[in-house]
Every structure is written in C-alpha cells, then in structure tokens.
Amino acid sequence: MAIYHLESKIISRGAGRSAVAAASYMSCSKILNDYDGVQHDFTRKQGLVWQQVFLPEYAPAEWKDRSVLWNAVEENEKTKDSRLAREFVAALPIELKKDEWITLLTEFIQRNFVSEGMCADVCIHDTDGHNPHAHIMLTVRPLDKEGEWQYKTRTPPVA
C-alpha cells in the first residue's frame, strides 16, 4: 500500500538558498550560478531515475536547459531576500512502475502548473527501490502569453 508524503518548501535568498543550487542538487548535475558565481556540483550524488523540464508553449525554448531556466529566475529577482522557487517533494507509490510514475507526474504538472504559465523542473529519485520520490521545482512567477514574467503568485495553482 502506498504511503502518502508531500512536503512543500520555498526556496528563498532570505533563507540563504539558491534556485540554481536546488536544481543542481535534485538533478545530480553541475551548474554555475551566474548571480553569485558559485559552481554547484552534485555529480557524485546517486539515485536519479528520471528528469524533465516542463515549460508553457510561450516560454523561451532555451529554458529547456535547467541551468538557463534557473539562472534566468535568479537574474529576474533583484532583492537579497527574494523568493525564487517553490519545491515539492512527493512520495511515489512503489506499486507503480517507472513509466507509470512519469505519466502520473507529467499529467499532474501539465494540468496544474504548466497550463497556468508556470515552469516546472522535475526529477525522480530512488536509491534503494524502497523510497521513490519526486522533486518538483516551480517558478514563483507565471509567464504571460508573450513569455514575460508576471507578478508572483501567493499560492501555487493546484486544481
């Protein structure tokens, strides 16, 4: 039987966090943060099963590269205590297969976030076969039909 777990966090400069660092961690990759010049390297981290960046159709195509997306977010937010992103960590049922997790996450993210103009970066982790979970990072600003950042939303658009 699946065990429910959902954790929600805000990634904020005020708390000493960086959207680029969080994206690097969850994707087990190496990304340079153009805002502060720090290189974040999590290439030794294990357990990455799948990853994808979801964008609204009117978002710049180069944002498919997570380093470009999250550096654009960091550049757009000017204050030292800016909210940069939202992160959700959700347990995935071990009864489902990898392709079923991907289908479930894709439909959920497209329907609830991307359709509302949000950009989403998703990674599935599972190191031992007993704790599959998804990290979902969302922009706090939606994009309008011209691909321009809008005002920050207080709550994520979940149907």
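Just so you know, all these numbers are worked out from the coordinates, no wet-lab data involved. Because the structure is predicted, anything quoted here is derived from the model rather than measured. Don't worry about glycine lacking a Cβ; one is built from the backbone with ideal geometry, like all the others, and counts go over all protein chains shown.
Under 8 Å for C-alpha pairs, at least 6 residues apart: give me the relative contact order for the chain, rounded to a whole percent.
Details: 303 pairs, mean separation 44.1, N = 159.
Over the chain, the number comes to 28 percent.
Say a site is exposed when it is one of the GluC sites (Glu not before Pro), sits in a DSSP loop, and has at most 14 other Cβ atoms within 10 Å; what is then the longest site-free stretch of the chain? Result, exposed sites excluded: 1-56. Can you bin the stretch 83-159 into rounded, prolate or oblate? Criterion: square roots of the alpha carbon gyration tensor eigenvalues sorted a ≥ b ≥ c, rounded for a/c under 1.5, prolate for a/b above b/c, oblate for the rest. Judged from the Cα gyration tensor, the stretch 83-159 comes out prolate (a/c at least 1.5, a/b above b/c). Each of Trp63, Trp149, Trp70 was scored by other Cβ atoms within 10 Å of its Cβ. Arranged with the fewest first, they read Trp149, Trp63, Trp70. Estimated purely from DSSP H runs of n ≥ 4, each contributing -39500 (n - 2.57), the mean residue ellipticity at 222 nm for the chain is -6500 deg cm²/dmol once divided by its residues. When Rg and the Kirkwood radius Rh are both evaluated on Cα atoms of the chain, their ratio Rg/Rh stands at 0.95.
Ordering Phe54, Phe42 from the fewest to the most neighbouring beta carbons within 10 Å gives Phe42, Phe54. Applying 0.36 nm per residue to the separation of Ile3 and Thr127 and subtracting their alpha-carbon distance, the gain on full extension is 42.9 nm. In this structure, the amide hydrogen of His40, modeled 1.01 Å from its nitrogen in the peptide plane, lies closer than 5 angstrom to those of Ile31, Leu32, Asn33, counting only residues at least 5 positions away or on a different chain.
The residues Ile11, Ile3, when put in order of fewest to most other Cβ atoms within 10 Å, stand as Ile3, Ile11.
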